[in-house]
Amino acid sequence: MNADLIIAGAGPAGLFSAVQAAENNENKKIIILEKNSSAGKKLLISGSGQCNLTHAGDISQFFDHYGENYNFLMGPLYTFDNHQLMKFFKDRGIKFRKARGGKIFPESNKASDILNVLLKEAKARGIKIIYNTPVENVKYKTGRFKIKTADKIYKSKYFLLAAGGKSFPRTGSTGDGFQIASSLGHNIIEPQPALAPVIIKNYQFKMLSGISLKNKEVSLWRKENLIKSWSGDLLLTHQGLSGPGIINYSRYMQKGDIIKVMLLNYSKEELENNLLKKIEREGKLNLLNLLIKFPIAQRLIEKILEIAEIDGSQNAAHLTRQERKEIIEIFSNLEFKIKSLANFNQSMVTKGGIDLSEINPQNMESRIISNFFAAGEVLDIDGDTGGYNLQAAFSTAFLAGSELKERL
């Protein structure tokens with residue numbers, strides 16, 4: 001079957017690029033091949049089904065939220081920013097709300113509303129979506145792409161890859177796009193879980209699962225060298241650590257790294273002085289009752305004392321110098337050794353993908369094969385939580401679709 005444009009993947013990047021390409025091209029044949037029985041499966045679970053579409057911040061502030069590859073996104077994000085993305089959906093009846101931290105959600109809290117707009121636009125522009133049709137391989141010869149599926153071969157001058165990454169494979173994101181891009185000569189940066197909780201070696205806080213640590217100073221160490229430090233909210237889980245202060249920085253973490261958490265916003269010297277003053281004033285209290293005056297969950301303090309083998313029922317005044325030093329050390333640097341990152345079933349996005357040096361950031365076209373485009377998570381882009389990944393998907397799709405609109 002011949003077409004003017006074939007797109008692999010009916011997620012947000014595939015659908016939006018198709019909608020852009022089809023504008024004023026009603027007579028052109030645009031086909032999306034989708035492996036699932038319906039479109040946008042991953043979009044429907046984004047933001048716990050509420051769809052955190054983008055972020056309310058100024059677009060210039062977005063670049064701090066994409067790790068080391070933020071430079072590539074300068075063209076896409078400035079060309080099609082968060083306000084333009086919201087306007088596209090507002091013009092089609094979607095109202096938005098701003099949540100804590102600047103996250104933008106549809107007012108209805110339904111990801112399906114966002115997907116339905118994309119599907120309606122695709123239908124109105126004559127775009128054909130063929131479901132239950134995974135792409136098996138793609139070949140390029142004499143200026144044409146030959147796209148093979150289980151029962152058909154599609155031929156097209158233009159091909160756009162928007163097959164997603166490897167996270168949440170139950171939604172169809174199983175890395176197919178990486179194999180296709182590789183077969184066309186592209187280098188693939190090794191895909192790894194990103195926006196992932198971490199599993200901790202010899203974890204001793206399983207029974208404290210659910211305790212949150214708000215706005216803590218965190219540092220990442222590798223072979224006694226500081227890799228990165230930041231502040232954020234953490235969550236103790238039954239296997240390790242999660243929360244924005246972990247998952248947003250998981251792209252930098254490796255097996256064997258040490259995470260250190262400051263439980264209190266004091267230097268060691270300040271903490272020691274504070275503790276000594278408390279003991280001087282209230283030394284008759286037992287140690288646990290004295291320590292819970294610090295803003296740390298009681299169950300966590302109890303566990304720390306248990307691990308340190310310090311008797312919390314003793315009078316605080318009886319605390320030895322060595323015990324005091326140990327408490328100060330743990331409160332200042334609670335250490336966790338990374339056993340592994342959670343797998344792709346638990347990671348929100350994929351780190352790695354098509355090498356960005358091989359893609360033109362002005363139009364998302366391959367620098368290796370003419371008329372081959374890529375958009376969305378199949379690229380080596382991963383953003384923080386907060387709407388940054390969907391914004392990147394829509395912005396790269398807009399550039400690809402706009403370029404194709406001119407060429408069709």
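Readers should treat all values here as calculations from the given coordinates under stated rules, not as data from a laboratory. Computed from a predicted model, the values in this text were never measured in an experiment. Cβ: placed from backbone, ideal geometry, glycine included. Neighbour counts: every protein chain shown.
Placing +1 on the Cβ of every Lys and Arg and -1 on the Cβ of every Asp and Glu, with no other charges, gives the chain a dipole of roughly 1100 debye about its Cα centre.
Spread over its residues, the convex hull of the C-alpha atoms of segment 266-344 is 113 Å³ per residue. When the Cα positions of Thr237, Asn315, Met348 are compared along the charge dipole of segment 224-368, Asn315 comes out farthest toward the positive end, with charges on each C-beta of Lys, Arg, Asp and Glu. Cβ crowding within 10 Å ranks Glu358, Glu406 as Glu406, Glu358, fewest other Cβ atoms first.
Computed about its Cα centre, the charge dipole of segment 157-230 is approximately 220 debye, with only Lys, Arg, Asp and Glu carrying charge at their Cβ. Compute a Gaussian network model of the chain, connecting alpha carbons closer than 10 Å, and tell me which residue from Asp311, Asp176, Asp355 fluctuates the most. Of the options given, Asp311 has the highest mean-square fluctuation.
Below 8 Å between Cα atoms, with a sequence gap of 6+, how large is the relative contact order for segment 62-216 in percent? Answer for segment 62-216 is 9 percent. Length, then width, then depth: along the principal axes, the Cα atoms of segment 197-342 run 47, 29, 24 Å. Calculated on C-alpha atoms, the gyration radius of the chain divided by its Kirkwood radius gives an Rg/Rh of 1.09.
Rounded to two decimals, what ratio of Rg to Rh does segment 319-408 give with C-alpha atoms and a Kirkwood Rh?
Rounded to two decimals, Rg/Rh equals 1.35.
Partners of Lys152 within straight-line reach, counting lysines whose Cα lies under 21 Å from its Cα and excluding those fewer than 8 residues away in the same chain: Lys28, Lys29, Lys35, Lys128, Lys139, Lys141. Summing Cβ point charges (Lys, Arg +1; Asp, Glu -1) relative to the Cα centre of segment 197-342 gives a dipole of roughly 440 debye.
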